[in-house]
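The values are calculated or read from the model by the stated rules, or taken from the named source; none is laboratory data. Only a predicted model underlies this, so the values are computations on that prediction, with no experimental measurement involved. All Cβ positions, glycine included, derive from the backbone under ideal geometry; neighbour counts span all protein chains shown. What goes into the accessible areas is simple: the full protein's heavy atoms, side chains included, and nothing from ligands, DNA or RNA. Shrake-Rupley method; radii C 1.70, N 1.55, O 1.52, S 1.80 Å.
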Amino acid sequence: MHLQRIEMQGFKTFANRTLLEFLPPKEGDRGITAIVGPNGSGKSNIADAVRWVLGEQSLKLLRGKKSEDVIFSGSDKRSRSGFAEVSLVLDNQAGGNEIEYPEVVITRRIYRDGESEYLINKNKVKLQEVLLLLARANFGQRTYSVIGQGMIDAILVASPKERKEFFDEAAGVKQYQLKREAAVRKLDASGENLKQAEIVLAEIEPRMRSLSRQVRRLEERANLEKELRELEFSYFGSHWKKIKEEFSAIDAKTKLVEESRKEKEKEIEAVRASLAGMETEETKSDGLMALQKDYERELEKRNALREKEIQLKNQIRMEQMKAQAASAPSLPMPLPRIVEEIEAISERHDELVASILEAETLEEAQEAAEKLKTLGAQIEDLLSELKEPGGKRKEEKKEPTVPAELQKELEAALSGIAAMAKTLAELQGRMQKWGEEEAKKRGAFFEIQRKMQGLQSELFELDRHLSDHRVERARIETRRDAIEREAAEIMGDEAKTALETMPEKDVDANALSPRLHQLRTQVAAIGQIDQAVVAEYKEIKERFDFLTAQVEDLHKTKESLVAMIEELDILIKKQSDASFRNINRHFDEFFKRLFDGGTASLQKIEREEEDDEVAEAEQAAAKEAAGIEEDAEKKVSAAPKETWLGLEIFANPPGKRVKSIHMLSGGERALTSIALICAIMTTNPSPFVVLDEVDAALDESNAARFASIVSDLSHKTQFLVITHNRYTMQKAQVLYGVTMAEDSTSSVLSLKLEEAENIRNSKKPAVAV
């Protein structure tokens, strides 16, 4: 993991959004970035920004008095900012730690109203989550990850206990200590919850026992009632089944009788209809009269057609005569005579037609028709006489033309007469057949009367059987009503269900009566139990079971937490001891390198047995005062049970024998602190380290050694160095210059030294003339 960039906005003098980007690791070198600038330009604000975003809560270390002091406060030429925000973008693609994100963005934001928030990859989180993430990534919040001005020898002037805290974080056990502290808090909370749960259980247990006894009686009553209910179901079900079977049998018999009765009624109705038809029928039945009316109607139609035929024929002859008379050179007879003959024929024709229409019988109509034919013969004679006067024709004359319309009407009349003749013949045949059938019907009338009497006797017998069945059904209904009333009185709302529930096997209802009486007596002896007792029992039982389960879970939780704390203690001690040995060795190496000799070492301040006994006595007294059981806390304490209390630092520069580090000069203390910090970086390197003018107190030779050591350590960690030292600048790959603008805001300029060196080397030297 390495620092990819820092983003700032509104933080102290960086009012504008400022971005500092860093080179990625190259050939095993994690890189050195130097930040330079004049005093008061805001260089150290970058170190404060890194410390602040890593979760620093000490305003003293941030060089402020209030939390809002980190927000740009404005100037004469620029208004103040409303918030401050700093983001660290860390590249974690290489892995090698417990963080699963390929890129981690840690953001801290604060507003002037005091509201603040932490974000990891743009998701809001708590401070504890940020601290745990940093611990897993080997960041130190208050130790060597960010070393500010005047803090280089802070570890030397600190107390042994404070040095131990510094050492714990430098040893990489901070994340395990945080987990242990969280586990201890959970253990304390579990113990308190367990105590409260056991107190409540002790309070409700007596009431629980009392309610349990009442509920057991209720359960006994419930068992008796269950058996009673089952027997009652069987009792009433068997009765109801038997009644339904009887109903089914009598209904089946009644249905058969009713069906037979309906058949007899249908037969009687049919015979009655036949008799009624024969009795009301006259000699000339309605059917015969209808045929006669049809025959007379068809006969009238035929006579009308014949009359039309005669009229058409006369019109045709008249037209022919007129045509001949008009074309003849001389008339065969005088014209008055011709007119007279024609008028006489016309009058006779009208008379005959009237006779046909007024004829009452067929014979009168036929006689008038014969006379009409005779009149037609006279018309033929008159026509012949007009055509050939004297019986001879002097010359051939052309046959006169008949009008087409008259010819069509005549043909239609002839066709209708032929059809009418056929219809009349058919009607005459049907009238003859009807007469024959009437003779047969009169013979069957008496047979139908005899059949009617037999059917009425059978119907009377069926009515008698039907009446008997209805009486029997009424008796069954009376028994059914009695069973329904008894079931309703005993079973209430369940009566309907009991009656409709058929027993799986046939049961003798009378044999169940003794057991039913016994069960009812036992239920009455137990008496009624208030249902509120059951509700209270359920409520208390549910609470009791819940608390019991909670107590079991809490015991398991405590056991698991104790086991986890013990494992963390072992891991912390193992890793702490290993880190101590490595740091002690590297501390001596870097001390000799910086001082060209001498010795340096770290020494633990061991815990004495008397102190352990006193501490245990104090803990026991505190537990007794708090009412905590001994077995709940006998395996673990709130603080890890360390065998040493603090850390002492011994340093002897070449040619000196110093009993205390307080006797060292300022430069010697700075070099000693640098040696210790470098030893820590070598043993447990942080992803990056911010050094804020830690080389300010060094002379040139020591500054050169310091720059050389930083260069060597850049293979293990990434350095962000705020410096005025040219040796440190020479080792850097990137330079950031910080300046202060007229509006009191800081701005940065960047320069990659490798590119600048290439540009310088590419310029050719000037040729002297």
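Points to keep in mind about this one:
- Residues being of a type in the set (Val, Ile, Thr) and either part of a strand (DSSP E or B) or within 18 Å of Val36 (Cβ to Cβ) (or both) - total across the stretch 676-723: 7
- Lone qualifier among Lys186, Lys226 - being assigned to a helix (DSSP H, G or I), touching a Leu at 6+ places or on another chain (Cβ under 8 Å) and modelled with pLDDT of 75 or more: Lys186
- In the stretch 475-519, the residues that are modelled with pLDDT of 75 or more and basic (Lys, Arg): Arg475, Arg479, Arg480, Arg485, Arg515
- Scope the stretch 724-761; condition free of Cβ contacts under 8 Å to residues at least 12 places away in the same chain and outside any helix (DSSP H, G or I); matching residues: Ala741
- Flag if Leu134 is modelled with pLDDT of 80 or more, out of contact with any helix residue (DSSP H, G or I) (no Cβ under 8 Å at 6 or more places or on another chain) and open to solvent by less than 40 Å² (accessible area, probe 1.4 Å): yes
- Filtered residue count, the stretch 716-761, keeping only those that are out of contact with any Leu (no Cβ under 9 Å at 6 or more places or on another chain) and closer than 14 Å to Gly40 by Cα: 9
- Screening Asp69 on (1) in a loop (DSSP other than H, G, I, E, B); (2) over 40 Å from the mean Cα position of the chain (by Cα); (3) of a type outside the set (Gly, Ala, Ser); (4) exposed (fewer than 14 other Cβ atoms within 10 Å of the Cβ) shows it passes everything except condition (1).
- Of all residues making up the stretch 372-386, the number that are out of contact with any helix residue (DSSP H, G or I) (no Cβ under 6 Å at 6 or more places or on another chain) and under 22 Å from Ala354 (Cβ atoms): 5
- Any chance Ser58 is over 24 Å from Arg726 (Cα atoms), among the polar types (S, T, N, Q), in a loop (DSSP other than H, G, I, E, B) and touching a Lys or Arg at 6+ places or on another chain (Cβ under 9 Å): yes
- Options Lys422, Lys433; residue that is at pLDDT 75 or above, assigned to a helix (DSSP H, G or I), farther than 13 Å from Glu307 by Cα and of a type outside the set (Gly, Ala, Ser): Lys422
- Subset of the stretch 471-484 [touching a helix residue (DSSP H, G or I) at 6+ places or on another chain (Cβ under 9 Å) and either among the charged types (D, E, K, R) or open to solvent by 70 Å² or more (accessible area, probe 1.4 Å) (or both)]: Glu472, Arg473, Glu477, Arg479, Arg480, Glu484
- Single condition Gln730 does not satisfy, out of (1) open to solvent by less than 80 Å² (accessible area, probe 1.4 Å); (2) at pLDDT 85 or above; (3) within 24 Å of Ile147 (Cβ to Cβ): (1)
- Close pairs from the stretch 478-490: first within 14 Å of Ser513 (Cβ to Cβ), partner loosely packed, with under 14 Cβ neighbours inside 10 Å, Cβ under 6 Å, at least 6 apart: none
- Restricting the stretch 644-695 to residues that are over 27 Å from Leu134 (Cβ atoms), of a type in the set (A, V, I, L, M, F, W, C) and open to solvent by 40 Å² or more (accessible area, probe 1.4 Å) leaves a set whose member that is nearest to the chain's Cα centre (by Cα) is Phe650.
- Restricting the stretch 115-130 to residues that are open to solvent by less than 90 Å² (accessible area, probe 1.4 Å) and of a type in the set (S, T, N, Q), the residue that is nearest to the chain's Cα centre (by Cα): Asn121
- Matching option when the condition is among the aliphatic types (A, V, I, L, M), over 20 Å from Val689 (Cβ atoms) and outside any loop (DSSP other than H, G, I, E, B), among Leu88, Leu19: Leu19
- The residues of the stretch 157-189 that are buried (at least 16 other Cβ atoms within 10 Å of the Cβ) and of a type in the set (Gly, Ala, Ser), listed by number, are Ala158, Ala170, Ala171, Gly172, Ala183.
- Selection from the stretch 551-603 of residues that are in a helix (DSSP H, G or I), acidic (Asp, Glu) and within 21 Å of Ile661 (Cβ to Cβ): Asp588, Glu589
- If you go through the stretch 17-44 and keep only what is polar (S, T, N, Q), buried (at least 18 other Cβ atoms within 10 Å of the Cβ) and over 23 Å from Val104 (Cβ atoms), you end up with Ser41, Ser44.
- Among the numbered conditions (1) of a type in the set (D, E, K, R); (2) open to solvent by less than 80 Å² (accessible area, probe 1.4 Å); (3) assigned to a helix (DSSP H, G or I); (4) over 30 Å from Ser601 (Cβ atoms), the only one that Glu192 does not meet is (2).
- Taking each residue of the stretch 536-560 that is more than 13 Å from Asn193 (Cβ to Cβ) and touching a residue at least 12 places away in the same chain (Cβ under 8 Å) and looking for partners that are assigned to a helix (DSSP H, G or I) and of a type in the set (Asp, Glu) with beta-carbon atoms closer than 8 Å, six or more apart or interchain, yields Phe544/Glu205.
- Contact annotation: residue pairs with Cβ atoms under 9 Å, 6 or more positions apart or on different chains, pairing a residue in the stretch 450-462 that is touching a residue at least 12 places away in the same chain (Cβ under 8 Å) and in a helix (DSSP H, G or I) with a partner that is open to solvent by less than 90 Å² (accessible area, probe 1.4 Å) and basic (Lys, Arg), are Leu455/Lys264; Gln456/Lys264; Glu458/Lys264; Leu459/Arg261; Leu459/Lys264; Leu462/Arg261; Leu462/Lys264.
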